[in-house]
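Step one of this worksheet: look at the structure below.
The values are calculated or read from the model by the stated rules, or taken from the named source; none is laboratory data. These figures come from a predicted structure and were not determined experimentally. No Cβ is skipped: glycine too gets one built from the backbone with ideal geometry, and neighbour counts run over all protein chains shown. Only protein heavy atoms, including side chains, enter the accessible area calculation; ligands, DNA and RNA are left aside. Shrake-Rupley method; radii C 1.70, N 1.55, O 1.52, S 1.80 Å.
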Amino acid sequence: MPIHFGTDGWRAVISDTFTFDNLRILAQAIADAVASEHWDKSGNGGEKPDPNKIVIGFDTRFLSDRYAGEVARVLAANGFNVLLAQSDAPTPVISYAVKDQRAIAGIMITASHNAPRYNGLKLKAAFGGSALPEQCYRVEVYISDNEGRARGPNLMDYKKAREAGLIKKFNPLPAYFEHIRTLINTDVIAGNPQRFVADAMHGSGRGVIKTFLQGTGCEIAEIRAEMNPGFGGVHPEPIAKYLGALASAISSGQGNFGLATDGDADRIGAMDERGVFVDPHKIMALSLKYLVEKRGWSGAVVRTVSTTRMIDRLAKRYNLKLLETPVGFNHIADCMMKEDVLIGGEESGGISFKGHIPEGDGPLMGLLLVEMIAGSKKSLVELVDDLVAEVGPVIYERVDLRLSRPVAKQEMTDFLTKQAPREIGGEKVEQVDQRDGVKYIMADDSWLLVRPSGTEPVLRVYAEGRSQEMMKALIGYGQKVAESVV
């Protein structure tokens, strides 16, 4: 059965590979893995988790609630006490519930920002972040072992499991809100209430920001907050090309800026009063600046290899340790668990900061942005302009280029390293990095990252130039590399 865990679980097309039968098989393997002696039951330094308790949540996708109930039936049949969310909820809310409830693991039914035809499963560890690679590998081992022994999943009648107390419904939001109040200063927000648009993109972040800010005086217009498993025909990903509805709401006077979360609300995007997209690079940089300058916080700063070097310039200014990781929030989470990290984030919008679980959290970062705007008494446009004046200018772009044939990641990495150019766009290539793909860093701090996909004939090209011309030159070089693959 083609189930392979990526950086944060398994995703597949509904009714193709993502079926009730396959999900039951996977749920049984998770039950076996969690019950095994190989599963970490320490809680990573916190309170020891209950080895028999598992939290399950789900998003707004087609059949997600039914899939969650089916996973609960399998876990109950294996003797686990299941806490099943009573309605759709964001992934970071479920991840926090795993830690708060002292559960041994968590399961989130979601395909995050992927197209509507997909669904998936994210596996969470007791510390409230994504399961470790070795834990995901253990699940795969049990899938294979059970298949080899022709051992099917255990299954308990849902009603009987409820009557036996093995499946209990719960609301994860109150505990999450209580925790978030320790990270967001609602007094600052109440002192200068904001008027803005919250775009849930039909995902499970719907209502979260608005509910949290009740009583602060903020006027929040929610859009795309109704259940729509087709997501209005777009990917529920908070990037400029999918946020036309948010731009329209702002231009029609519904708010002075906008916040957008993805399908399971672990990513954030924003839009200023002109309808200009404010990407996660700027949101993370603004957050770092605010946490240091206004709150006086300190700690290491973690970013992925594909994230803006504005972060580097700010970290240098504040004399903070900078850590660079491969792409994927799981790598940031590793750093957050091992070091005193102030903030960690990636270009796709997964960001978290000190005091929170090691998990990207869209609502949290959106709320911090509201606090920043309220506290500064400036508009989002002004905050971004100030940031760019200090550590910019930067123009960022990412493109995915189709290759004529699949290319092994190591083969492309070796080729790009050996054939590294002396200059691009008139700027000398000063450094060649192989942390994840190949990254060329220019003399003016512009950079180009080329990452071959590990699963399809695609070259992912990321570029950040100090000018529009430089960004175009970098992307152009990436296109030449793709065309050279014959």
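In segment 113-123, the count of residues that are surrounded by 20 or more Cβ atoms within 10 Å (Cβ to Cβ), touching a helix residue (DSSP H, G or I) at 6+ places or on another chain (Cβ under 8 Å), modelled with pLDDT of 95 or more and under 16 Å from residue 41 (Cβ atoms) is one or more. Figure legend. Inter-residue proximity from segment 100-115: first residues over 17 Å from residue 173 (Cβ atoms), second residues aliphatic (A, V, I, L, M) and part of a loop (DSSP other than H, G, I, E, B), beta-carbon distance below 8 Å, spacing 6+ or different chains. Indicated pairs: 102/126; 104/126; 105/126; 105/131. Candidates are the residues of segment 287-306 that are of a type outside the set (Asp, Glu) and surrounded by fewer than 18 Cβ atoms within 10 Å (Cβ to Cβ); the one that is nearest to residue 321 (Cα to Cα) is 298. For segment 203-246, the set of residues classified as assigned to a loop (DSSP other than H, G, I, E, B) and of a type in the set (S, T, N, Q) consists of 204, 214, 216, 228, listed by residue number.
Restricting attention to segment 166-193, the residues that are open to solvent by 20 Å² or more (accessible area, probe 1.4 Å) and part of a loop (DSSP other than H, G, I, E, B) total 7. The residues on offer are 313, 309, 274, 267, and the sole one that is open to solvent by 10 Å² or more (accessible area, probe 1.4 Å), of a type in the set (D, E, K, R) and under 17 Å from residue 352 (Cα atoms) is 267.
Looking only at residues of segment 149-165 that are surrounded by fewer than 17 Cβ atoms within 10 Å (Cβ to Cβ) and of a type in the set (Gly, Ala, Ser), we find that the one that is farthest from residue 94 (Cα to Cα) is 150.
The number of residues in segment 199-243 being in contact with a His (Cβ under 7 Å, 6 or more places away or on another chain) and at positive phi comes to 3.
The rows are residues; the columns are (1) crowded, with 21+ Cβ neighbours inside 10 Å; (2) over 27 Å from residue 436 (Cα atoms); (3) among the polar types (S, T, N, Q).
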position: 335; (1), (2), (3): no, no, no
position: 341; (1), (2), (3): yes, no, no
position: 345; (1), (2), (3): yes, no, no
position: 360; (1), (2), (3): yes, no, no
position: 365; (1), (2), (3): yes, no, no
position: 368; (1), (2), (3): yes, yes, no
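Across segment 444-462, a minimum of one residue is classified as within 18 Å of residue 413 (Cβ to Cβ), of a type in the set (Asp, Glu), without any contact (Cβ under 8 Å) to a residue 60 or more places away in the chain and open to solvent by 20 Å² or more (accessible area, probe 1.4 Å).
Restricting attention to segment 14-44, the residues that are open to solvent by 30 Å² or more (accessible area, probe 1.4 Å) and of a type in the set (Phe, Trp, Tyr) add up to 1.
Okay, residues lined up against (1) among the charged types (D, E, K, R); (2) over 17 Å from residue 394 (Cα atoms):
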{"position": "279", "(1), (2)": "yes, no"}
{"position": "285", "(1), (2)": "no, no"}
{"position": "292", "(1), (2)": "no, yes"}
{"position": "296", "(1), (2)": "no, yes"}
{"position": "305", "(1), (2)": "no, no"}
{"position": "314", "(1), (2)": "no, no"}
{"position": "320", "(1), (2)": "no, yes"}
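Looking only at segment 403-416, residues that are surrounded by 13 or more Cβ atoms within 10 Å (Cβ to Cβ) and either β-branched (Val, Ile, Thr) or within 16 Å of residue 326 (Cα to Cα) (or both) come to 3 in all. The set of residues in segment 55-94 being of a type in the set (Asp, Glu) and open to solvent by less than 10 Å² (accessible area, probe 1.4 Å) consists of 59 alone.
What about residue 268, is it touching a Gly at 6+ places or on another chain (Cβ under 9 Å) and within 30 Å of residue 317 (Cα to Cα)? The answer is yes for residue 268. Evaluated against (1) farther than 19 Å from residue 349 by Cα; (2) aliphatic (A, V, I, L, M); (3) at pLDDT 95 or above, residue 403 falls short on exactly one condition, (3). Condition test on residue 76, is it in a helix (DSSP H, G or I), over 16 Å from the mean Cα position of the chain (by Cα) and touching a residue at least 60 places away in the same chain (Cβ under 8 Å)? Against the criterion (in a helix (DSSP H, G or I), over 16 Å from the mean Cα position of the chain (by Cα) and touching a residue at least 60 places away in the same chain (Cβ under 8 Å)), residue 76 qualifies.
Selection of segment 253-264 for residues being more than 19 Å from residue 378 (Cβ to Cβ), in contact (Cβ under 8 Å) with a residue 12 or more places away in the chain and surrounded by fewer than 24 Cβ atoms within 10 Å (Cβ to Cβ) yields only 254. Meeting the requirement of 3 or more residues that are under 23 Å from the mean Cα position of the chain (by Cα), in contact (Cβ under 8 Å) with a residue 12 or more places away in the chain and within 23 Å of residue 445 (Cα to Cα), the strands (runs of 3 or more DSSP E) wholly within segment 318-431 are 322-325, 341-345, 395-402. Scanning segment 247-261 for residues that are in a loop (DSSP other than H, G, I, E, B) and either over 18 Å from residue 372 (Cβ atoms) or aliphatic (A, V, I, L, M) (or both) returns 252, 253, 254. Kindly indicate the residue of segment 426-443 that is open to solvent by 30 Å² or more (accessible area, probe 1.4 Å) and among the basic types (Lys, Arg) and also nearest to residue 312 (Cα to Cα) among those meeting that condition. Result: 435.
Checking each residue in segment 40-70 for being of a type outside the set (Gly, Ala, Ser) and in contact with a Lys or Arg (Cβ under 8 Å, 6 or more places away or on another chain) picks out 41, 47, 48, 49, 50, 51, 53, 55, 60, 70.
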